[in-house]
Amino acid sequence: MELLLISLGVVGAYVLSSLRVLNQYERGVMFFLGKYTGTTGPGLIFVPTILARMKRVSMRVVAIDIPAQEVITRDNISVTVNAVLYFRVSDPGLAILEIQDYLYATGQLAQTTLLSVLGQVELDELLADRRKVNELLRQIIDERTDFWGVEISAVEIKDVQLPETMRRAIARQAEAERERRAKVINAQGELQASTTLAEAARVMATQPASLQLRYLQTVTEI
């Protein structure tokens, strides 16, 4: 009887030590004698401690900050760009089997892709059409990480730092553009005024009395 109780105690301890709890946002990648057997979870999981092991994988969205990168755009302008990458694991099995550290690998891939893609766009496109550049980055990175079971949600360029000389040049360009628009608006106003005066002159030419009334109005104003 005592031996039976001891055996039951050992079995109970073994069973309890083999139980694992996976949260709703977690999945477990199972290995039995070193061989991948599938993905399980969430909830209470039985993992034989001697013969099997389990790797936890979070399914939540992860945000990785891409450090500032020195980039030379297609029009040979040096800028410093930093961005943020949002991704999640879509296939826990691939994330464990195909890549040693998917977090590190995804971050490094994002940095190199940022350098190569921004080197193919011009500065005006980077500043004015950032959404298009973000989507291009997301598509390229997502295509590469698909084999790792990683899905890229978004890539957002946070800041573009220009050299001081380039900022002054852009400021002068913006000021010149504003002056050009002001001159165009002024010229359009003068054209409309001249058209209206010409029309008034034609009316007065056909109505001599209106010219006399205009003369008297001018004298009154003086």
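What the table shows:
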item: Å² of accessible area per residue within the stretch 74-173, as computed with a 1.4 Å probe and no ligands counted; result: 56
item: Extension reserve of the Ile72-Gln111 stretch, reckoned as 0.36 nm per residue once the Cα distance is removed; result: 12.6 nm
item: Virtual spin-label span in nm between Thr218 and Leu33, 7 Å along Cα→Cβ; result: 11.2
item: Cross-link reach list, aspartates and glutamates versus Lys35, counting only Cα pairs under 20 Å and skipping chain neighbours closer than eight places; result: Asp91, Glu98, Asp101
item: Carbon plus sulfur fraction of accessible area for the stretch 25-139, probe 1.4 Å, in percent; result: 51
item: Cα-derived Rg to Rh of the stretch 75-171, Kirkwood definition; result: 1.07
item: Nitroxide proxy distance, nm - points 7 Å out along Cα→Cβ at Gln100 and Gln188; result: 6.3
item: Local electrostatic count at Ala52 - Lys and Arg +1, Asp and Glu -1, tallied over other residues with Cβ under 13 Å; result: +4
item: Backbone N under 18 Å from the Gln120 label point (7 Å along Cα→Cβ), restricted to the stretch 59-83; result: 71-77
item: For the stretch 181-195, 3J(HN,Hα) per residue [Karplus equation, 6.51 cos²θ - 1.76 cosθ + 1.60, θ = phi - 60°, Hz, x = Gly/Pro]; result: 5, 5, 5, 5, 4, 5, 5, 5, x, 5, 5, 5, 5, 5, 5
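The values are calculated or read from the model by the stated rules, or taken from the named source; none is laboratory data. Note that the coordinates shown come from a computational prediction; the quantities given were computed from them, not determined experimentally. When we count neighbours, we look across all protein chains shown, and the Cβ atoms used for this are built from the backbone with ideal geometry, even at glycine. The area values use the complete protein model at the heavy-atom level, side chains included, leaving out ligands, DNA and RNA. Shrake-Rupley method; radii C 1.70, N 1.55, O 1.52, S 1.80 Å.
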